[in-house]
Amino acid sequence: MSSPERWTQPQPAGTPAATAARPTSEQVIAGLRATSEGGPELVQLLTPEGERVHHPEFDVDFSDEELRGLYRDMVLVRRADREANALQRQGQLGLWVPLLGQEAAQIGAGRALRPEDMAFPGYREHGVAWCRGISPKDIMGMWRGTDHGSWDPVERRFHLYTIVIGNQCLNATGYAMGQRFEGKVGDDNGEATMVFFGDGATSQGDVHEAFVWASVYDAPLVFFCQNNQWAISEPTERQTRLPLYQRARGYGFPGIRVDGNDVLASLAVSRWALEECRHGNGPVLIEAFTYRMDAHTTSDDATRYRHSDELEAWKLKDPIERVRVHLSRNGIADHDWFDAVQAEADELAAELREHVYNLPDPPTERMFDHVYAEANPVLAAQRDEFLSYMSTFAGGEH
Amino acid sequence: MATPTIDRPTSTESATQTITIIKGLNMALRACMERDPKVIVMGEDVGKLGGVFRVTDGLQKDFGEQRVLDTPLAESGIVGTAIGLAMRGFRPVCEIQFDGFIFPAFDQIVSQLAKLHARSQGKIKLPIVIRVPFGGGIGAVEHHSESPESYFAHTAGLRVVACSNPVDAYWMLQQAIESDDPVLFFEPKRRYHEKGQLDPTAQPLPLYSSRVLRQGTTATIATYGPMVRTCMDAATAGAEDGVDLEVIDLRSLSPLDLDPVFESVRRTGRLVVVSEAPGEASISSEIAAKVQQECFYSLEAPVLRVTGFDTPYPASKLEEEYLPDLDRVLDAVDRSLAW
Ligand SMILES: Cc1ncc(C[n+]2csc(CCOP(=O)(O)OP(=O)(O)O)c2C)c(N)n1
Ligand SMILES: [Mg+2]
């Protein structure tokens, strides 16, 4: 579908004016802003009504098994997400960052990755984590406050969550440059990297620098931007006048907007983008047009800044419901199967809850561990002094 | 020490009222915006939401979108554009959402904000305030509990202050906005909801001055920001055991106003410096160095420090151990007394 040249040519005639992304205040008030279909360039393979549609450039077939698998993934990650949200409400977690509404974007992208590919998440990528074999349990420590991420990012090829907005985009670029420098790019067996960030993040200098670096070093990197329409209380218009995917052109690589609530489109476009990268045609920007259906985090009150009409409109585009309709209408799954998936989800949630209840607090010395790779006598002395001080409280309230 | 003369801010209110730190900051912003149309507020989520801590609540509604800017998500952008706005005569008050997110702006702060007055031989004044909720103790995830003030105190050209209570929050923020120098304004987020009695007709202390909060004879404690409450509690607990602590709220971290500390140490002979920030190469080291220089013959014991450890801020289940508490403060006092 692409050759790099296609994206380094001047803008074709007829492209909408830059201000086209700006809604009128009437549109915003009517809750129409975010529910516009995402524009004519939006890649969609499954409509909100569950209808399979065909796209000239992404004419992909999915087996029944694949379709059921994607549905199951989404149901399970949503169930884990809701359980974690409830656990926070009950005081078991300090904070939770919901993924509700972004299941299709994340499962599509995550299932497009191969085991040897690398992924760099932000902090909301619980669905991608799932696809990398990181169980929801492994994520809980960070939000309960027992660790900063418990998995081995090197072995799992899934970096730790990054909270500082945009930082991970440069780290991912460097990793992808390394894949290229090591000759792992150029054929069907090539490696690629995918980095996840939000619409708000696109304003950060780090993200723009990553676009520049990835492009001049032909890095095999897919920039996967989940435009969930909000950066806490700020709508996407606070960050851009242009549809975000169109930014890629300015840096000389392809940008494409996909229906982020359509798991088939997200998977197909992500696979294509990763293929491009494996073959040395990276980088690629994907803008997954989706919606944050819950508050920003459990600390946030979204009613202060957005209309409930908007949420109601997006509920009609629910990423899971459309697959469910498609599966049942086409006889790909029956009642029993749906019930079995639901039972599996409930079991996952119960296990998650049990796990969180039993997560041990870390030992005091943990905070001094691994600060440096090599011995540091100053820190060692600090640690010993503090541990001996703490031992004077043994049996006491400490 | 000499402090720049700042007009005493006026207040539109007159009756004494109970306020929190958040309320004090909000009132201060409102008062400054009413007095001076060039005062603008800028930051992430400060407009419609009123800030994640609601410090700017209601300001955009009352002053409009051109005076309360919900900015793009870019801290270097917030400070960098504030510099340009200040060159054009505005007095921007920037909000950095959490301590750990000031670093994307570090370059603009140390390379431009701190240096332009000197480089332009005083022709460019940058009356910019950067508000930073700082410190831990709120059970937050990474990057939301840090104490980065020493980086800025280490940088010539910046003024650095930290309020510890609602009344200071109210006065100090107004004084900072009226200062012609850039001010890093640190707010103790875990004390945000603590209450105090504001008498708007009272005379505030100058901005760059410390304050003796409690007089005592046994030893001196110098501290600032969120640790002020901890040290006052330690003094109350110590008093039950006959330990009479003098507690000084430093308030200004650059310049430091150490005269009251010197004067106190000459009487008590003992000093414990307390901060959440790690101790290595920090404001607390600076205080120890200066006090040893000025009060050498009065000291009965070396200056001791109780600080956060020189580690990354730990996962929140360990923050109680990481943060100096009442016991660690009193333990240091005991060690000083036993010297
Ligand atoms: C450098 C930095 N500044 C501010 C924040 C506080 N913050 C956390 S999430 C967020 C909004 C992010 O929006 P977006 O990039 O759209 O991602 P989303 O949360 O919508 O997934 C902000 C401002 C941060 N984490 N890092
Ligand atoms: Mg967003």
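Nothing in this text is a laboratory measurement; each read-out follows from the coordinates by a stated rule. A quick note: this is a predicted structure, and the numbers were derived from the prediction, not measured. Cβ sites come from the backbone with ideal geometry, for glycine too, and all protein chains shown count toward neighbours.
Which whole number in µm²/s is D for chain B by Stokes-Einstein, with the Kirkwood Rh taken over Cα pairs at 37 °C and 0.692 mPa s?
The estimated diffusion coefficient comes to 162 µm²/s.
Only loop residues by DSSP count here, and only those with at most 12 other Cβ atoms within 10 Å; note down the chymotrypsin sites (Phe, Trp or Tyr not before Pro) in the stretch A:303-398 that meet that.
Sparse-neighbourhood loop chymotrypsin sites (Phe, Trp or Tyr not before Pro): A:Tyr372, A:Phe393.
Taking R0 as 22 Å, what's the FRET efficiency between B:Asp233 and B:Phe296 from their Cβ-Cβ distance, rounded to 0.05?
With a Förster radius of 22 Å, E is 0.10.
Rounded to whole Hz and in sequence order, give me ³J(HN,Hα) for the stretch B:276-287 from the Karplus expression 6.51 cos²θ - 1.76 cosθ + 1.60, θ = phi - 60°, writing x for Gly and Pro.
Those phi angles translate into 6, 5, x, x, 4, 6, 10, 4, 5, 5, 4, 5 Hz.
Helix B:259-268: angle to the longest alpha-carbon principal axis of chain B, degrees 0 to 90, nearest 10?
20 degrees
In peptide A:369-378, what is the residue-averaged number of other protein chain Cβ atoms found within 10 Å of each Cβ?
The per-residue average across the peptide is 1.
Which ³J(HN,Hα) values in Hz, rounded to whole numbers, follow from the phi angles of the stretch B:87-96 under the Karplus curve 6.51 cos²θ - 1.76 cosθ + 1.60, where θ = phi - 60° and Gly and Pro get x?
After applying 6.51 cos²θ - 1.76 cosθ + 1.60, I find 5, 8, x, 7, 10, x, 10, 8, 10, 9 Hz.
Pull up all non-local amide H partners of B:Val39: gap of 5 or more, or a different chain, and H-to-H distance under 5 Å with H placed in the peptide plane.
B:Arg91
Check B:Val306: other-chain or 5+ apart residues with amide H under 5 Å from its amide H, H built from backbone geometry?
Excluding prolines and chain starts, which carry no amide H, the hits are B:Val273, B:Val274, B:Ser275.
Return, ordered by residue number, the residues of the stretch A:251-290 whose backbone nitrogen is under 18 Å from a label point located 7 Å along Cα→Cβ of A:Asp59.
A:265, A:268-269, A:272
What residues qualify as long-range amide H neighbours of A:Ala119, i.e. H under 5 Å apart, gap of 5 or more or another chain, H built at 1.01 Å from N?
Long-range HN contacts for A:Ala119: A:Phe158, A:His159, A:Met194.
Rounded to whole Å, give me the distance from the Cα center of the stretch B:184-223 to that of the stretch B:91-151.
Between the Cα centres of the stretch B:184-223 and the stretch B:91-151 lies a distance of 21 Å.
Quote to one decimal, in nm, the extra length available between A:Arg241 and A:Glu351 on full extension: 0.36 nm per residue of separation minus the C-alpha distance between them.
35.1 nm
What are the ³J(HN,Hα) couplings of the stretch A:56-62, residue after residue, when phi is run through the Karplus curve with 6.51, -1.76, 1.60 and θ = phi - 60°? Round to Hz, x for glycine and proline.
For the stretch A:56-62, the Karplus-derived couplings read x, 9, 10, 8, 9, 9, 10 Hz, x marking Gly and Pro.
Based solely on C-alpha atoms, express the radius of gyration and the Dmax of the stretch B:211-337 in angstrom.
In Å, with Rg to one decimal and Dmax whole: 13.6, 43.
Exactly which GluC sites (Glu not before Pro) in the stretch A:107-157 are in a DSSP loop and have at most 12 other Cβ atoms within 10 Å?
A:Glu116
Roughly how tilted is helix B:166-178, in degrees to the nearest 10 and between 0 and 90, from the longest Cα axis of chain B?
Around 50 degrees separate the two axes.
With the cut-off at 1.5 for a/c, could you classify the stretch B:219-258 from its C-alpha gyration tensor as rounded, prolate or oblate?
Oblate is the answer for the stretch B:219-258, as a/c is 1.5 or above yet b/c matches or exceeds a/b.
Run the simple label-point estimate for B:Ala15 and A:Ala394 please: 7 Å along Cα→C-beta, distance reported in nm.
Once both label points are built, they end up 5.9 nm from each other.
Work out, step by step, the length gained on full extension between A:Ser150 and A:Val371: first 0.36 nm times the residue separation, then minus their alpha carbon distance; give nm to one decimal.
That pair, A:Ser150 and A:Val371, stretches by 78.0 nm at full extension.
Apply the a/c threshold of 1.5 to the C-alpha gyration tensor of the stretch B:17-198 and tell me whether it is rounded, prolate or oblate.
Judged from the Cα gyration tensor, the stretch B:17-198 comes out rounded (a/c under 1.5).
Looking at the square roots a ≥ b ≥ c of the eigenvalues of the Cα gyration tensor of the stretch A:41-357, which shape do they give, rounded for a/c under 1.5, prolate if a/b is larger than b/c, or oblate?
Rounded, because the longest to shortest axis ratio a/c is under 1.5.
Against the longest alpha carbon principal axis of chain B, how many degrees, from 0 to 90 and to the nearest 10, is the axis of helix B:326-337 turned?
That helix lies at roughly 50 degrees to the long axis.
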